[in-house]
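The values are calculated or read from the model by the stated rules, or taken from the named source; none is laboratory data. Here the structure is a predicted model, which means the values were calculated and not measured.
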Amino acid sequence: MFNLIPKEVRFFDYFEQQSQNLVRAGALLRELVHDFGDARAKAHAIKEVEHQGDQVTHEIVRRLNTTFITPIDRED
């Protein structure tokens with residue numbers, strides 16, 4: 001059935017996920033800079049967090065494109 005009013009999309013939950021990814025990536029980068037031991041594994045872990053962040057970003061954009069009323073104007 002068609003609904004005129006779409007289901008509520010919790011954009012701020014996505015923003016929170018993204019900020020958690022940023023904090024995690026920052027902590028991993030700090031670890032890498034302070035201790036180069038096993039640098040390859042640390043760089044791989046950072047890349048994984050980046051990939052997770054990319055997925056969240058794609059989901060945000062997808063939801064923005066299909067949502068009539070957004071929490072923030074596109075111009076902002």
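Take the residues of the range 1-39 that are of a type in the set (Lys, Arg) and modelled with pLDDT of 95 or more: which is nearest to the chain's Cα centre (by Cα)? Among them, the one singled out is Arg24.
When the residues of the range 40-76 are filtered to those that are at pLDDT 95 or above and over 20 Å from the mean Cα position of the chain (by Cα), the one that is nearest to Glu16 (Cα to Cα) is Ala41.
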